[in-house]
Amino acid sequence: LISHIAFDMKPLTRSERAKKARKEDYLSKYSGIARDVLEALIDKYQDEGRFDFEDVQLLELNPFNKFGNPMKITKSFGGKNNYIRAIKELEKNIYA
């Protein structure tokens, strides 16, 4: 919104932001369940808009529950701290 007002730039849609986030090289750092979870988060953002990416309870909901329970999912990132770091990086890429 600020870029639109200050610099007369067209605001990005959720789909454009999701597409841009998928193109970022940081996704290549992850594989298996971790990458699948990040891609599902991008899909969820694209479909539903803003939500609390860092809320671990989100992992209990569909489609994340198909990857296992929240503990298994965070382990696929190397632990909860690494999961939160990956989520913050994802959020940064979506809103950059």
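Computed values, structure above
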{"item": "Full-extension gain in nm, Asp43 to Asp25, via 0.36 nm per residue minus C-alpha separation", "result": "4.8 nm"}
{"item": "Value of relative contact order over the chain, rounded to a whole percent, pairs C-alpha under 8 Å and six or more apart", "result": "31"}
{"item": "Neighbour-count ranking [beta-carbon atoms within 10 angstrom, fewest first] of Thr74, Thr13", "result": "Thr13, Thr74"}
{"item": "Loop GluC sites (Glu not before Pro), region 31-95 (other Cβ atoms within 10 Å of the site Cβ: 14 or fewer; DSSP)", "result": "Glu54"}
{"item": "Likely footprinting exposure, Ser31, Ser76, fewest C-beta neighbours within 10 Å first", "result": "Ser31, Ser76"}
{"item": "Positive-end residue, region 15-95 charge dipole about Cα centroid, Cβ charges, pick of Tyr30, Leu59, Pro70", "result": "Tyr30"}
{"item": "Overall Cα dimensions of the chain - principal axes, largest extent first, Å", "result": "45, 24, 19"}
{"item": "Student exercise, the chain dipole from Lys, Arg, Asp, Glu Cβ charges, in Debye to nearest 20", "result": "260"}
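Every read-out reported here was derived from the displayed coordinates using simple, explicitly stated rules and does not represent laboratory data. Values in this document were obtained by computation on a predicted structure and should not be read as measured data. Cβ coordinates were reconstructed from backbone atoms using ideal geometry, including for glycine residues, and neighbour counts include every protein chain displayed.
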